[in-house]
Amino acid sequence: MQQRKIVIFGESQLASLAHFYFKHDSPHEVSAFTVDRDYLNTNEYENLPLVAFEDVEKHYPPSEYSMFLPISFKKMSHLRREKYEAAKEKGYHLVSYVSSKATTWPDLDIGDNCFIFEDNTIQPFVKIGNNCVLWSGNHIGHHTVIKDHVFITSHVVISGSCVIENHSFFGVNATIRDETIIAEATLVGMGAIITKDTKPGEIHLGQSSKKMAKKSIDLDSISHKSKG
């Protein structure tokens, strides 16, 4: 893996976590942080420079620096996608982080700006797209394809030969049957069990996989207290 100097987007717990993981478990060197100018209230974070995203390339040019954007799942990861695309438009190479404590196989097929935490088991022939987050302790079965801007929390089981479409979200302890297609922007809630293909924007809550009337993109937040 080529060593890179990187700028992390954000001044949040996710940004702090990213800094920790890169510092202790990566060849990359974190050089600075960046946030939108409207949220720039100081010039330092984690004892490193903090600059406005609007002109980050003036301070840390993409010819010399890469970027990592550890942004949350709000609006089904559309906000993360917007910043991801903005960083790409500025010309930045986006690095991915895969924990050394994750179980993977050689030649893992993974896109850019992915954040894969410890204790993930990723079986052979899995493909992971761009801008995905896999929190700790998940099982991703063989020949499964995870597309772009997907957020998987913890202890999720995705069985073999599944297809996970863009912008899907999986709550803690969700389980997906093998050869299942999870359609774009499907919200699979905590503890839900999915045994058949979903439709775009559906919300499945609880072990009974209750389907809500709303579309996932309409939710301001993701909560087990949401009502249809």
Lysines whose Cα lies under 21 Å from that of LYS101, excluding same-chain neighbours fewer than 8 positions away: LYS23, LYS127
Options (i) 10.6; (ii) 11.9; (iii) 13.7 - which one matches mean projected area of the Cα convex hull in nm² as calculated here: (ii)
Under 11 Å from the LYS211 label point (7 Å along Cα→beta-carbon), backbone N, segment 166-197: 196-197
Segment 95-154: C-alpha pair distances exceeding 16 Å, %: 32
Once the Cα gyration tensor of segment 5-89 is diagonalised, semi-axes √(5λ) in Å: 17, 16, 14
Length-normalised contact order of the chain in % [C-alpha pairs under 8 Å, at least 6 apart]: 11
The chain - share of DSSP beta bridges that are antiparallel (%, nearest 5): 10
Rounded FRET efficiency, nearest 0.05, which uses the C-beta distance separating LYS23 from LEU108 and R0 of 30 Å: 0.85
Relative contact order (%) - segment 1-132, alpha-carbon pairs under 8 angstrom, separation at least six: 20
Residues whose placed amide H lies under 5 Å from that of ARG4, excluding near-sequence neighbours: HIS28, GLU29
Global size of segment 97-207 as Cα Rg and Dmax, reported in angstrom: 12.3, 36
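Values in this text are rule-based calculations from the coordinates and carry no lab data. Small disclaimer: the values here were computed from a predicted structure and weren't measured. No Cβ is skipped: glycine too gets one built from the backbone with ideal geometry, and neighbour counts run over all protein chains shown.
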